[in-house]
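Taking it in order: structure first as structure tokens, then the write-up.
The values are calculated or read from the model by the stated rules, or taken from the named source; none is laboratory data. Just so we're clear, the structure is a prediction, and the values are computed from it rather than from any experiment. Here the Cβ positions follow ideal geometry from the backbone for every residue, glycine too, while neighbour counts run over all protein chains shown. The accessibility values were calculated without ligands, DNA or RNA, using every heavy atom of the protein model including side chains. Shrake-Rupley method; radii C 1.70, N 1.55, O 1.52, S 1.80 Å.
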Amino acid sequence: MYAFALCLDRRYLVPGLATVTALADSLTPRARRCVALRVLTLDLTRSEAVLLAGLARRIGFGSFDLARRSPLRTARMADASYISVATYLRFEFTAEFVRRPYVIYVDADTLARGDLSTPLSDLPRGEVGAVRDEFVPSVGDSHALPGVAERWPHLKGRPYYNAGLLWAHVADLPQVRRGVSRALAWHRHHIHHNDQDALNLWLLHTGRVRPVAAGYNRFELGRFLERGNWVRRVAARSPRPDTSAHLVHFVGPEKPWQRSCPRTEDVREYRAHLRRTMRHVRALGSLHAEQPELR
């Protein structure tokens, strides 16, 4: 009935493998067999694609496919400090490739803990499901969408959404792609958070969004508290771990697979999961996925 969609480059292969296994673990074996996994990439090799296909088959997904795509020609990377242009591939999924009526896009720096498909049950055609951003809950709150609140005062205070987890009807993907492309072409100077800002520009001007409960895309905040208290001023919730969250999102430059990342409770959970993922990889007899930085 639906497909999980991921965008991976070679730098995110190992985290992508962990994301795939977490998505599988979030479902019962029976439900897993009805779900497809679709991956778009800029640069994964054939052997790496074979590894992903083998893992998807081993853990029980009903269907897998991978394709190489190029990002939008209008793509603008205002912030490339730790994000690659592969992030724009989220707009390149098509009905012909997905071959399911619904798609759930998931970032590769996440840890799924529960069933992510529930928001599809009340998602109307023409709307994209998204969770409000925890660091930038509203337009005009931060560096996101620079100049938008001044140019269009009626948009100040409107919800701003995180693009790390999205729900959509595949039939609506072409209009999302066109809308984002136009936003990039016409309003490039309002882009700060790359494709996320472009998506929000389209959502703001069309209203085609279905808000999803915050528990489906919770930020891991403990890493930031290790470096200072600024997160307490900007976060939309308590920095304590949310054990009921369906998905934990490791936003920011410090990632849980990096040795230098603070070992918060959620990071320790992620690392334990990553070690289990690498056991799957070893069982497949693959040498193509390098060991992650952590020990």
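Of note:
- Residue count for segment 166-199 satisfying the condition of being polar (S, T, N, Q) and under 15 Å from the mean Cα position of the chain (by Cα): 2.
- Verdict on residue 70 being more than 25 Å from residue 266 (Cβ to Cβ), assigned to a loop (DSSP other than H, G, I, E, B) and among the polar types (S, T, N, Q): yes
- Condition check for residue 33: over 15 Å from residue 117 (Cα atoms) and surrounded by fewer than 24 Cβ atoms within 10 Å (Cβ to Cβ): no
- Of the residues making up segment 93-141, those that are open to solvent by less than 20 Å² (accessible area, probe 1.4 Å), closer than 22 Å to residue 43 by Cα and in a loop (DSSP other than H, G, I, E, B) are 93, 108, 109.
- When the criteria are applied in full, residue 64 fails the requirement of being modelled with pLDDT of 95 or more and open to solvent by less than 50 Å² (accessible area, probe 1.4 Å).
- Residue in segment 155-165 that is touching a His at 6+ places or on another chain (Cβ under 8 Å) and polar (S, T, N, Q) present: yes
- Qualifying positions in segment 14-51 - of a type in the set (A, V, I, L, M, F, W, C), in a helix (DSSP H, G or I) and touching a Phe, Trp or Tyr at 6+ places or on another chain (Cβ under 7 Å): 14, 23, 24
- Matching residues, segment 142-167, being of a type in the set (A, V, I, L, M), open to solvent by 10 Å² or more (accessible area, probe 1.4 Å) and part of a strand (DSSP E or B): 166
- Among (1) in contact with a Leu (Cβ under 8 Å, 6 or more places away or on another chain); (2) assigned to a helix (DSSP H, G or I); (3) modelled with pLDDT under 95 - the single one residue 90 does not satisfy: (3)
- Condition check for residue 12: closer than 24 Å to residue 201 by Cβ and open to solvent by 30 Å² or more (accessible area, probe 1.4 Å): no
- Answer from 74, 21, 87, 41 - the residue that is buried (at least 21 other Cβ atoms within 10 Å of the Cβ), of a type in the set (S, T, N, Q) and in contact with a Ser or Thr (Cβ under 7 Å, 6 or more places away or on another chain): 21
- Among residues of segment 82-96 that are at negative phi, those with a beta-carbon under 6 Å from a residue that is open to solvent by 30 Å² or more (accessible area, probe 1.4 Å) and part of a helix (DSSP H, G or I) at least six positions away or on a different chain give the pairs 91/177.
- Odd one out for residue 225 among (1) among the aliphatic types (A, V, I, L, M); (2) open to solvent by 10 Å² or more (accessible area, probe 1.4 Å); (3) touching a residue at least 40 places away in the same chain (Cβ under 8 Å): (3)
- Residue match in segment 212-231 (condition: under 30 Å from residue 50 (Cα atoms), among the aliphatic types (A, V, I, L, M) and at pLDDT 95 or above): no
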